[in-house]
Each structure stands twice: as C-alpha cells, then as structure tokens.
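What follows is one structure encoded as structure tokens, with my remarks underneath.
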Amino acid sequence: MKKFVLICLILFPVIACSGDDKKDNEENMTTDPEVVDITEEAQVTNVTVQGEPGAYTFAVEIKSPDTGCDQYADWWEVVTAEGTLIYRRILAHSHVAEQPFTRSGGKIVINPEDSVLVRVHMNNTGYARNVFSGSVAKGFKATEVQLEADTTLAKTAPLPNGCGG
C-alpha cells in the first residue's frame with residue numbers, strides 16, 4: 001500500500017501537468033469573484049496627493065478593462081492597512097474610451113505619516129490585487145495585497161447607484 005501511495009504521489013503531478021495547458025485552463029476557469037483573471041482587474045497605476053494634513057486630495061490614475069456598464073471600475077478608495085475605509089471615490093460610469101483615466105477625490109482626513117492603501121474596485125469582479133501603498137510624507141508605490149475585510153468593505157457605503165454608461 002505504501003508503494004502505491006508513493007507512486008501516486010510521484011506520478012500524479014506529472015499526469016496532472018501534462019496535456020494542453022490552454023485547454024485545461026479554459027475548462028477550469030471559474031466565475032467565483034474571489035478568483036479573478038488579472039487581465040479582468042482594474043489597476044491603480046499612479047497616486048498623487050495635494051493639500052494639507054486633514055484635508056488631502058488624492059488623484060488616482062486607473063487602468064481598467066471597461067467594456068461598458070457590464071464591466072467597469074466603479075470606485076477607488078483609501079483604506080488603512082487593517083482594512084478600515086477612510087475615503088471612497090465613486091466612479092459613476094464606464095471609461096471604455098478613456099484609458100488610463102485619473103479621478104480626484106477628497107478631502108481625505110489623514111496625517112502625512114499615516115500609512116494607507118489606495119485600491120480600485122470593479123463592479124463585476126471586486127477588488128484588484130494591485131494597490132498603491134504608502135503615505136503622503138513618503139509617497140506611494142505599487143504593491144499586491146488582499147485585505148481580510150474585502151467582503152465587508154464592498155458592502156459599505158457609499159456605494160455606486162448604477163452606471164451612467
């Protein structure tokens with residue numbers, strides 16, 4: 001019995017990995033919003049900040065695979081590293097012909113040294129793994145993160161009220 005298990009452990013990865021990878025990937029694709037093809041995610045590509053402590057305006061550049069109201073980036077937000085929502089900028093419509101695009105929002109109440117995350121949300125796939133992290137004092141850089149509070153924050157107001165096209 002031990003030999004059979006050992007043989008299976010050695011052979012199974014070889015068998016499982018052989019064949020047409022593209023076909024296998026297509027057959028195993030899922031519609032689960034927690035498992036998202038990165039090409040279907042929006043991405044924060046730049047963050048700039050103006051203002052003063054307690055009243056910052058963030059300008060967030062986003063690249064997203066918008067196709068219309070069926071698939072578009074519907075908000076960007078500023079959250080703490082622990083997942084507390086500080087600010088959310090609703091994007092009221094799709095930006096199919098404007099890629100990447102920048103939208104500003106504020107007055108965001110944080111101190112210059114406060115570390116925060118800036119991330120984008122798609123209406124049909126949820127939060128992107130790509131975020132910008134940093135502080136007003138030190139600047140922001142791209143990173144990849146998944147917060148535990150994603151499902152709760154995705155239902156926290158303010159939320160979009162439909163799509164304007």
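The values are calculated or read from the model by the stated rules, or taken from the named source; none is laboratory data. Everything quoted here is computed from the prediction, not taken from an experiment. Every residue, glycine as well, gets a Cβ built from its backbone with ideal geometry; the counts of neighbours run over all protein chains shown. In case anyone asks, the SASA skips ligands and DNA or RNA and just uses the protein heavy atoms, side chains included. Shrake-Rupley method; radii C 1.70, N 1.55, O 1.52, S 1.80 Å.
So here's what we get for this one:
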{"quantity": "Some residue of region 125-134 being at pLDDT 95 or above and not hydroxyl-bearing (Ser, Thr, Tyr)", "calculated": "yes"}
{"quantity": "Residues of region 89-119 satisfying the condition of being open to solvent by 70 Å² or more (accessible area, probe 1.4 Å), without any contact (Cβ under 8 Å) to a residue 40 or more places away in the chain and among the aliphatic types (A, V, I, L, M)", "calculated": "96, 97"}
{"quantity": "Scope region 73-88; condition open to solvent by less than 20 Å² (accessible area, probe 1.4 Å) and part of a strand (DSSP E or B); matching residues", "calculated": "73, 74, 75, 76, 77, 78, 79, 88"}
{"quantity": "Some residue of region 147-156 being of a type in the set (A, V, I, L, M), at pLDDT below 90, surrounded by fewer than 15 Cβ atoms within 10 Å (Cβ to Cβ) and out of contact with any helix residue (DSSP H, G or I) (no Cβ under 9 Å at 6 or more places or on another chain)", "calculated": "yes"}
{"quantity": "Boolean, residue 61 is under 15 Å from the mean Cα position of the chain (by Cα) and open to solvent by 50 Å² or more (accessible area, probe 1.4 Å)", "calculated": "yes"}
{"quantity": "Scan of region 120-146 for residues that are surrounded by 13 or more Cβ atoms within 10 Å (Cβ to Cβ) and among the acidic types (Asp, Glu), ordered by number", "calculated": "none"}
{"quantity": "Subset of region 102-161 that is acidic (Asp, Glu) and in a loop (DSSP other than H, G, I, E, B) - its residue that is farthest from residue 73 (Cα to Cα)", "calculated": "113"}
